[in-house]
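Presented below is the structure to which this report refers.
Just so it is clear, none of the values below were taken in a lab; they were calculated from the coordinates. Since we're looking at a predicted model, the values are computed, not measured. Don't worry about glycine lacking a Cβ; one is built from the backbone with ideal geometry, like all the others, and counts go over all protein chains shown.
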Amino acid sequence: MVPRELEVELDTICTPSVDVVSREIEGDIIIVPLTAGIGDADDELYTLNDTGRAIWQKLDGVRTLGDVVADLALEFDSDRTQLETDVLGFAAAMVDRGILSAKE
């Protein structure tokens, strides 16, 4: 599956691509590409940091990225503008790599 060219915004809805699987192992989220051309290199695994993990767990294909920001703002004592930057940056990078699918 080729990543779709889409500008990721707060009203975008994201979900993990059908071309990846993810598992939580000892508190870490591990993302495994199932097909070539996903991510930066063939057979590369991804491990998310705490911020990425918190975002990833909320990407259910129903919530918008704005909803994810609002949820995270309730969980963490963080500047909302910074949360928006983090969520949009994470989602854009993962969509570009084909790890997330996005729709408006």
Problem - Linear extension gain, residue 22 paired with residue 64, 0.36 nm per residue minus alpha-carbon span - result: 13.1 nm
Completion exercise
Taking Cα pairs closer than 8 Å and at least 6 residues apart, the relative contact order of the chain in percent is 44 percent
Problem - Rounded to 10°, Cα long-axis angle of helix 65-75 versus longest principal axis of the chain - result: 60 degrees
Completion exercise
Measuring from its Cα centre, the chain shows a charge dipole (+1 at each Lys and Arg Cβ, -1 at each Asp and Glu Cβ) which, in debye to the nearest 20, is 260 debye
Exercise for the section: Could you calculate the contour length gain from residue 81 to residue 9, that is, 0.36 nm times the residue separation minus the distance between their Cα atoms, to one decimal place in nm? Expected result: 24.6 nm
Exercise for the section: List the residues of the stretch 76-104 whose backbone N lies under 16 Å from a point placed 7 Å from the Cα of residue 51 along the Cα-to-Cβ direction. Expected result: 76-95
